[in-house]
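The values are calculated or read from the model by the stated rules, or taken from the named source; none is laboratory data. Keep in mind the model is a prediction, meaning the values are calculated, not measured. Methodologically, a virtual Cβ is constructed for each residue, glycine included, from the backbone with ideal geometry; neighbour enumeration extends over all protein chains shown. Protein only, heavy atoms only, side chains kept; ligands, DNA and RNA dropped before computing areas. Shrake-Rupley method; radii C 1.70, N 1.55, O 1.52, S 1.80 Å.
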Amino acid sequence: MIDALLQPLQSEFMLKAIGVSALIGLTCAALSCFVTLKGWSLMGDALSHAVVPGVAIAYAAKLPFALGAFASGMLAAGVMGFVKDRTRLREDAVIGIVFTTFFALGVLLISLYPSNINLKTIVFGNILGIADADIVQVLIISAVTLAVLAFKWKDLVIFLFDPSHARAVGLPTRFLHALLLTLLAATAVASLQAVGACLVVAMLVTPGATAYLLTDRFGAMMLIAMTVGTLTAAVGAYASYFLNGSTGGCIVVLQTGVFAVTLAVAPKHGLITAHRSRVVAGRAAPALSGGAA
Amino acid sequence: MASSLRTNPANTPPPPPSPAIDVRGVTVAYTNGHVALRDATFSLDGGTICGLVGVNGSGKSTLFKAIMGFVKPAAGSVRINGQPVGAAHKKASVAYVPQSEDVDWAFPVSVWDVVLMGRYGAMNLLRIPRQSDKRLAAEALEQVGVADLRSRQIGELSGGQRKRVFLARALAQQAKIILLDEPFTGVDVQTEEAIIALLDRMRDQGCTMLVSTHNLGSVPRFCDRVVIINRTVVAAGPTATTFTRDNLALAFGGALRRLRVDHTDVPGATSHELTVLTDDEGALILGDDGLPPPRTTPDRPAPTAPPGAGA
């Protein structure tokens with residue numbers, strides 16, 4: 001029994017898969033707190049799809065995939081900002097148009113110029129088949145993202161909470177906005193390998209959303225999100241070995257499971273608590289109206 | 001370097017102090033072509049409470065955005081203590097107290113977190129508060145009377161307490177210029193009195209405050225000066241001579257509900273006619289000369305703590 005449970009840990013590719021997944025889970029979770037509070041879920045989804053044409057071009061040109069993906073993501077963000085500022089369209093319409101266009105372009109490029117990547121890898125991820133060179137890129141992106149967050153998280157929190165005050169105490173708000181967008185694009189690129197373009201957004205939202213239900217302090221929210229994100233990613237990758245199923249699917253289903261349980265039982269912001277207080281209020285109300293009648 | 005700075009201090013007389021806020025010919029146009037503010041000009045000296053009144057859409061928030069540097073004027077200039085806005089904000093010279101509806105009250109921060117944010121400009125790169133930062137934040141909380149709420153999440157506070165927390169943040173920032181966006185909206189009379197008492201104390205310490213408000217009735221009570229805007233500055237000056245029926249009529253036009261009360265309806269009234277002007281909130285009552293009542297100091301509770309009292 002124990003031998004069977006330890007079996008995945010004896011193969012090198014499984015160890016790599018679990019380790020890389022955990023690192024990506026950690027990085028995404030750290031950023032997910034900012035994404036949740038800024039209301040950038042759709043933006044995360046958009047960027048993770050918009051990196052695809054860059055990946056296709058990078059592989060064709062034999063460049064590091066992260067480079068192409070990142071350039072493509074930032075270009076998409078730039079186009080979104082440009083169109084939004086100059087039209088009366090709402091932001092979600094602009095994002096919807098731009099990211100689907102980029103994604104379509106990526107799908108087209110890959111189908112026209114098949115190389116050693118296939119569409120399935122980009123869209124659904126393939127952590128079990130991750131190349132060492134790609135692991136290095138994931139390591140660099142994660143390390144830089146986590147380091148930047150460690151140094152700048154307080155500034156970013158003020159920027160999210162109250163941009164006017166951020167400006168008033170001398171923080172560079174435009175830079176912070178660009179920084180957050182850059183980190184989001186970089187993290188989307190890193191997670192591409194683990195869960196694929198379609199599911200990246202789950203890793204960039206769910207851990208932060210879960211933590212937000214459990215605490216009223218940002219620091220605690222970060223710690224909870226990073227713990228949940230790391231554990232679910234590692235356990236999801238490990239479980240996918242036994243299920244012989246998609247790693248990305250396992251990780252995201254696990255994260256959603258944790259979220260669902262939290263949503264139900266969270267002490268202060270959970271559904272059960274909300275239901276209880278409604279029942280209590282309901283019991284009190286008839287007594288009051290009865291007294292008045 | 002140092003010695004050349006010290007040479008001939010006696011020969012050059014110190015320049016006259018620059019106005020705290022100097023808005024000169026400011027025009028702001030948004031990218032969709034809408035001109036929110038045209039050729040707005042006024043200036044405020046130190047130690048002033050100035051009311052900013054005008055209908056919704058008259059450019060009050062645009063003016064605040066221009067002073068905060070969020071929009072760049074297409075023409076004209078905003079200077080703070082004689083400096084361009086960018087330089088002034090780097091020194092954290094201006095504090096901003098936002099409108100309640102602009103704040104995300106579900107954000108995971110406590111009262112203490114918010115007040116400490118006032119000190120961020122003075123902290124090191126990692127934003128680790130020093131003892132002095134914590135002391136200033138604690139004093140600010142004491143001054144506005146919410147020290148006992150410091151560990152609450154901000155959404156758990158009442159409307160008046162929420163306002164006090166953001167005022168405490170402005171106090172902790174120690175800025176000499178404070179912009180307040182609708183500070184009296186949704187607060188009870190007691191909080192309004194407490195806010196006005198606090199503004200008075202800060203004015204006496206040399207602070208300059210620009211207060212946007214729909215509460216016309218309170219303006220003569222706490223504002224030394226007033227700026228009346230309607231897509232431009234309609235009138236600016238001392239409240240007694242500027243906050244008049246004629247000027248308000250220019251800015252508000254048909255938007256103000258104006259009720260005429262004949263003196264026969266008001267037993268003992270000496271004036272022939274009263275004008276009651278209201279812009280959603282506290283009404284302004286003018287006599288038949290069309291001038292605001294003189295600035296009075298109604299019976300206010302004495303300040304709970306002397307300003308700047310140390311720990």
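So if R0 is 51 Å, what FRET efficiency would residue A:178 and residue A:265 give, r being the distance between their Cβ atoms, rounded to the nearest 0.05? Let's see the in-between values first.
Details: r = 39 Å, r/R0 = 0.76.
Using R0 = 51 Å, I get an efficiency of 0.85.
For a quick protection proxy, order the peptides A:48-59, B:234-245, A:257-268 by their average other-Cβ count within 10 Å, most packed first. Display every interim value, and only then the final one.
Values: A:48-59: 26.8, B:234-245: 18.5, A:257-268: 14.5.
Per-residue Cβ counts within 10 Å, averaged per peptide and sorted highest first, yield A:48-59, B:234-245, A:257-268.
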Of B:47, A:255, A:135, which is farthest along the charge dipole of the protein assembly as shown in the positive direction, counting Lys and Arg as +1 and Asp and Glu as -1 at C-beta?
A:135
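For residue A:128 and residue A:256, what does the FRET efficiency come to when R0 = 30 Å and r is the distance between their Cβ atoms, rounded to the nearest 0.05?
Working: r = 21 Å, r/R0 = 0.71.
Once rounded, the FRET efficiency stands at 0.90.
May I ask you to derive the relative contact order of region A:156-293, considering only C-alpha pairs under 8 Å and at least 6 residues apart, and to give it as an integer percent? Don't skip to the answer; put the middle values down first.
On the way: 105 pairs, mean separation 25.2, N = 138.
Computed over region A:156-293, the figure is 18 percent.
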Can you tell me the Rg and the Dmax, both Å, for the Cα atoms in region B:95-148?
12.0, 33
Inside 10 Å of the C-beta atoms of A:214-220, what's the mean count of C-beta atoms belonging to other chains?
4
Express the Stokes-Einstein translational diffusion coefficient of region B:59-194 in µm² s⁻¹, to the nearest whole number, given a Kirkwood radius over alpha-carbon pairs, 20 °C and a viscosity of 1.002 mPa s.
136 µm²/s
Given a 1.4 Å probe and the protein chains all in place, what does the accessible area of residue A:256 round to, in Å² to the nearest 10?
70 Å²
Which whole-number percent of Cα pairs in chain A have a distance greater than 24 Å?
55 percent
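I'd like the per residue volume of the convex hull spanned by the Cα atoms of region A:169-293, given in cubic angstrom. Intermediate results must be reported in sequence, preceding the final value.
Details: hull volume 22.1 nm³, N = 125.
Hull volume normalised by residue count: 177 Å³.
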With θ taken as phi - 60° and the coefficients 6.51, -1.76 and 1.60, list the Karplus ³J(HN,Hα) couplings across region B:104-110 in order, rounded to whole Hz; mark glycine and proline as x.
7, 6, 8, 4, x, 9, 8
Going by Cα centres, region A:79-100 and region A:173-225 are how many Å apart?
22 Å
What is the dipole size for the protein assembly as shown, taken about its Cα centre, with +1 at each Lys and Arg Cβ and -1 at each Asp and Glu Cβ, in debye to the nearest 20?
980 debye
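Shielding by partners for B:87-97, please: the mean number of other protein chain Cβ atoms within 10 Å of each residue's Cβ.
Details: counts 1, 2, 8, 5, 2, 6, 2, 4, 4, 8, 3.
Other-chain Cβ atoms within 10 Å of each residue's Cβ, averaged: 4.
Return a whole-number percent for the relative contact order of region A:2-292, with Cα pairs under 8 Å and 6 or more residues apart as the contact set. Provide the component values of the computation, followed by the final result.
Numbers: 411 pairs, mean separation 85.0, N = 291.
Result for region A:2-292 is 29 percent.
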A:37, A:42, B:248, ranked by accessible area, largest first (probe 1.4 Å)
A:42, A:37, B:248
Chain pair B, A: how much accessible area is buried, both chains summed, with a 1.4 Å probe, in Å² to 100?
2600 Å²
Too long at a 28 Å Cα-Cα cut-off: which of A:62/A:120; A:16/A:152; A:16/A:268; A:84/A:268; B:60/B:134?
A:16/A:152; A:16/A:268; A:84/A:268; B:60/B:134
Which far-off residues, 5 or more places away or on another chain, put their amide H under 5 Å from the one on residue B:48, with H placed in the peptide plane?
B:208, B:209
For residue B:235, other-chain or 5+-apart residues with amide H closer than 5 Å (H placed, Pro excluded) are B:228
nm² value of the averaged projected area, convex hull over the Cα atoms of region A:18-100:
6.3 nm²
Separation in nanometres of the label points that stand 7 Å from Cα toward Cβ, at residue B:91 and residue A:120:
6.5 nm
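Can you give me the Rg/Rh ratio for the protein assembly as shown, using Cα atoms for both radii and the Kirkwood formula for Rh?
Numbers: Rg = 29.2 Å, Rh = 27.7 Å.
Reported Rg/Rh (Cα atoms, Kirkwood Rh): 1.06.
For peptide A:168-180, compute the average count of partner chain beta-carbon atoms within 10 Å of each residue's beta-carbon. Don't skip to the answer; put the middle values down first.
Details: counts 21, 17, 11, 6, 3, 4, 1, 0, 0, 0, 0, 0, 0.
Taking all residues of A:168-180 together, the mean is 5.
In debye, nearest 20: dipole of region A:2-292 around its Cα centre with unit charges on the Cβ of K, R (+) and D, E (-)? Don't skip to the answer; put the middle values down first.
On the way: 17 positive and 11 negative charges, 171 e Å.
Result for region A:2-292 is approximately 820 debye, rounded to the nearest 20.
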Treating only the Cβ of Lys, Arg, Asp and Glu as charged (+1, +1, -1, -1), what charge dipole size does region B:63-214 show about its Cα centre? Round to the nearest 20 debye.
840 debye
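With n ≥ 4 as the cut-off for DSSP H runs, can you work out [θ] at 222 nm for chain A, using -39500 (n - 2.57) per run divided by the number of residues, rounded to the nearest 500? Intermediate results must be reported in sequence, preceding the final value.
Numbers: 14 runs with 246 residues, N = 293.
Mean residue ellipticity at 222 nm (helix-derived): -28500 deg cm²/dmol.
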